[in-house]
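*Asks:* Just passing along the structure, written as structure tokens.
The values are calculated or read from the model by the stated rules, or taken from the named source; none is laboratory data. Keep in mind that what you see is a predicted model, and the values were worked out from it rather than measured. So basically every Cβ, Gly included, is an ideal-geometry build from the backbone, and we count neighbours across all protein chains shown.
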Amino acid sequence: MKCELMNILSKLTLVGAVAASMLLTGCGKKDSADSLTEVPRNVRVLILGEESVAEFFEISGPVAPVRGTDLSAQESGPVVAIPVGKGEAVAKGKIILELERDILKAELEAAQAALAMQSYNVDKVRQLHEAGKVSRIELLTAESSYSQAKSMVGVLQERYDRAGIRAPFDGVVVDRYVELGQLVNPGQRVVRILDPYTLKVEAYLTDTQVQWVTVGESATIRLGETRGTAAGTVSWVGFEADRMTGKFKVEIEIPNPDLKYHSGVIGRARLGKNLVSNVVAIPRDAVLPGRIGSTAFIVQNDRAILRRLELGADQGLMVVVLEGLAPGEQLVVRGHRDLRDGSLVHVTETSTAADGTMPGDPANVAGTQAGARIQDPDSALSDGSVEAAQ
């Protein structure tokens, strides 16, 4: 009985071992099949080409009118007329504000009458002197009296004119500090006028930047927080660095004939530095940092191949590749962050734009890459360039 029981247990153990072996064999086959099935990852690629890259740098400073000033009274008296109001355009020489000048007018008329008498008198004395009837001292006395009368007319005429405060240049009256009937004194501010038709950005350059900037150079400027840009021209580059900051002052003039732009905001000017031709430039987002340095993926035979890169100038959106990539290769610009060297990939999109974007991309993505543009080597900075800042 005992032997039979042992035989039964032995058979059950053998059956269990066989069943377990079959189960393990089945699992191994399934895992092996799964490991052989690699799912390709969808990617977007950019076919690389040789480009011309314009390096630039940016400076910022306040925007102000090229000409603007507070006009002060040069004579005393009450304000009797304000023919030009705030916000009105004025031509050079137009009276903006007029002081009471009746007394000055009366004095001027009296001086003009005295001058007429002295003019007649000096002519008669000159005739008598030529006839030998008066001495030379009498002639000199008459001529002196005439000169004094003429000078007095000039002085009073100037004072009379100064009582009417005129625009020193074409501009716009932007503020007034006095009202009708108010008594003003010499030196007192009365109105402010500025020339809004030409603005300027005042900024500073480092000693490494100033060597790239010359008077007459074009600049692209963004004023305030607006998205649009204005075209400007460098009008002044300082010859001497500021002793406190060690920087050189630069002024960039902005034509403003239609008064589209306003002063008082911060202007950010982009100045060209250098143009590098026949280089490979890629979107900065396609570059992956790693322990071995900057890397990127290209596609070869449906596989993602990792390349180590040596980078050059960049502006944050585009970057120049000095070594690691060649024209004609397919650079992965989307879907590259989850790849590994040798990963199976499926190219679903091929971009022809230098920044790797596609027409259907969201507006914020396309806008982010707005600064990445291909430049014609024979043109200035334009909306078609890939620019790299230093």
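*Asks:* Please go through segment 340-352 and pick out each residue that is among the hydroxyl-bearing types (Ser, Thr, Tyr), modelled with pLDDT of 90 or more and in a loop (DSSP other than H, G, I, E, B). Before you say what the answer is, go through the steps one by one.
*Replies:* Of segment 340-352, the ones among the hydroxyl-bearing types (Ser, Thr, Tyr) are 343, 348, 350-352.
Restricting the remaining residues to those that are modelled with pLDDT of 90 or more gives 343, 348, 350.
Within segment 340-352, Ser343 is the sole residue that qualifies.
*Asks:* Among Leu317, Leu325, Leu306, Leu331, which is in contact with a Ser or Thr (Cβ under 6 Å, 6 or more places away or on another chain) and in the same structural domain as Thr233 (by TED's automatic domain parsing)? Lay out the reasoning, then the answer.
*Replies:* Numbers: Leu317 fails: in contact with a Ser or Thr (Cβ under 6 Å, 6 or more places away or on another chain); Leu325 fails: in contact with a Ser or Thr (Cβ under 6 Å, 6 or more places away or on another chain); Leu331 fails: in contact with a Ser or Thr (Cβ under 6 Å, 6 or more places away or on another chain).
Exactly one of Leu317, Leu325, Leu306, Leu331 is in contact with a Ser or Thr (Cβ under 6 Å, 6 or more places away or on another chain) and in the same structural domain as Thr233 (by TED's automatic domain parsing), namely Leu306.
*Asks:* Further question on the same structure: From the set of residues in segment 353-369 that are outside any loop (DSSP other than H, G, I, E, B) and of a type in the set (Val, Ile, Thr), which is modelled with the highest pLDDT?
*Replies:* At the first step, the residues of segment 353-369 found to be outside any loop (DSSP other than H, G, I, E, B) are 363-368.
Filter again for of a type in the set (Val, Ile, Thr), leaving 365, 368.
Values: Val365: 49, Thr368: 42.
For segment 353-369, the residue satisfying everything is Val365.
*Asks:* With the checklist (1) part of a loop (DSSP other than H, G, I, E, B); (2) among the small types (Gly, Ala, Ser); (3) more than 27 Å from Arg67 (Cβ to Cβ); (4) touching a Phe, Trp or Tyr at 6+ places or on another chain (Cβ under 6 Å) in hand, flag the one item Ala241 doesn't pass.
*Replies:* Checking Ala241 against (1) part of a loop (DSSP other than H, G, I, E, B); (2) among the small types (Gly, Ala, Ser); (3) more than 27 Å from Arg67 (Cβ to Cβ); (4) touching a Phe, Trp or Tyr at 6+ places or on another chain (Cβ under 6 Å), the one that fails is (3).
*Asks:* Tell me, which residue of segment 271-300 that is farther than 25 Å from Leu344 by Cα and under 23 Å from the mean Cα position of the chain (by Cα) is surrounded by the most Cβ atoms within 10 Å (Cβ to Cβ)?
*Replies:* Start the filter on segment 271-300 by keeping residues that are farther than 25 Å from Leu344 by Cα, which leaves 271-281.
Filter once more, keeping what is under 23 Å from the mean Cα position of the chain (by Cα): 271-276.
Details: Leu271: 23, Gly272: 20, Lys273: 19, Asn274: 13, Leu275: 18, Val276: 16.
This residue is Leu271.
Results for (1) in contact with a helix residue (DSSP H, G or I) (Cβ under 7 Å, 6 or more places away or on another chain); (2) assigned to a helix (DSSP H, G or I); (3) under 24 Å from Leu199 (Cα atoms), shown as yes or no for each residue.
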position	(1), (2), (3)
Ala142	yes, yes, no
Val155	no, yes, no
Arg159	yes, yes, no
Ile165	no, no, no
Phe169	no, no, yes
Asp175	no, no, yes
Glu179	no, no, no
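*Asks:* A follow-up question, please. Taking Leu104 and the conditions (1) modelled with pLDDT under 95; (2) loosely packed, with under 15 Cβ neighbours inside 10 Å, which numbered condition does it fall short on, given that it satisfies the others?
*Replies:* (2)
*Asks:* Which members of segment 187-239 meet the condition of being more than 19 Å from Ala54 (Cα to Cα), in contact with a strand residue (DSSP E or B) (Cβ under 9 Å, 6 or more places away or on another chain) and among the hydroxyl-bearing types (Ser, Thr, Tyr)?
*Replies:* Tyr197, Thr198, Tyr204, Thr206, Ser235
*Asks:* Then there is this: Going by the structure shown, is Leu115 in contact (Cβ under 8 Å) with a residue 24 or more places away in the chain, among the hydrophobic types (A, V, I, L, M, F, W, C) and in a strand (DSSP E or B)? Working first, answer last.
*Replies:* Values: in contact (Cβ under 8 Å) with a residue 24 or more places away in the chain: yes; among the hydrophobic types (A, V, I, L, M, F, W, C): yes; in a strand (DSSP E or B): no.
So Leu115 does not fit the description; no.
*Asks:* So Gln148 clears everything in (1) touching an Asp or Glu at 6+ places or on another chain (Cβ under 9 Å); (2) modelled with pLDDT of 95 or more except one condition, right? Which one?
*Replies:* Evaluating Gln148 over (1) touching an Asp or Glu at 6+ places or on another chain (Cβ under 9 Å); (2) modelled with pLDDT of 95 or more leaves (1) as the failure.
*Asks:* Quick test of your reading of the structure: Arg337 fulfils all but one of (1) in a strand (DSSP E or B); (2) at pLDDT below 90. Name the failing condition by number.
*Replies:* Against the list (1) in a strand (DSSP E or B); (2) at pLDDT below 90, Arg337 comes up short only on (1).
*Asks:* Among the listed residues Arg227, Arg268, identify the single one that is more than 27 Å from Ala89 (Cβ to Cβ), within 12 Å of the chain's Cα centre (by Cα) and assigned to a strand (DSSP E or B). Walk me through how you get there before you give the answer.
*Replies:* Details: Arg227 fails: assigned to a strand (DSSP E or B).
Checking each option against the conditions leaves just Arg268.
*Asks:* Are any residues in segment 117-145 among the hydrophobic types (A, V, I, L, M, F, W, C) and exposed (fewer than 12 other Cβ atoms within 10 Å of the Cβ), and if so, which ones? Give the steps one after another, and end with the answer.
*Replies:* Going residue by residue through segment 117-145, those that are among the hydrophobic types (A, V, I, L, M, F, W, C) are 117, 122, 125, 128, 131, 134, 137, 139-140, 142.
Those that are among the hydrophobic types (A, V, I, L, M, F, W, C) and exposed (fewer than 12 other Cβ atoms within 10 Å of the Cβ): Ala131, Ile137.
*Asks:* Taking segment 249-264 as the region of interest, how many residues are of a type outside the set (Ser, Thr, Tyr) and buried (at least 16 other Cβ atoms within 10 Å of the Cβ)? Give the derivation first.
*Replies:* Filtering segment 249-264 down to residues of a type outside the set (Ser, Thr, Tyr) leaves 249-260, 262, 264.
Narrowing the set further to residues that are buried (at least 16 other Cβ atoms within 10 Å of the Cβ) leaves 249-254, 256.
Result for segment 249-264: 7.
*Asks:* With the condition kept exactly as written, say whether any residue in segment 266-287 is more than 15 Å from Arg41 (Cβ to Cβ) and of a type in the set (Ser, Thr, Tyr).
*Replies:* Yes, segment 266-287 has at least one match.
*Asks:* Just to be sure before I move on: is Asp302 of a type in the set (Asp, Glu) and within 30 Å of Val39 (Cα to Cα) in the structure I sent? Steps first, answer last, please.
*Replies:* Numbers: of a type in the set (Asp, Glu): yes; within 30 Å of Val39 (Cα to Cα): yes.
It is true that Asp302 is of a type in the set (Asp, Glu) and within 30 Å of Val39 (Cα to Cα).
*Asks:* May I ask you to list the residues in segment 34-82 that are modelled with pLDDT under 85, assigned to a strand (DSSP E or B) and not acidic (Asp, Glu)?
*Replies:* Listed by number, the residues that qualify are Ser52, Val53, Ala54, Phe56, Phe57.
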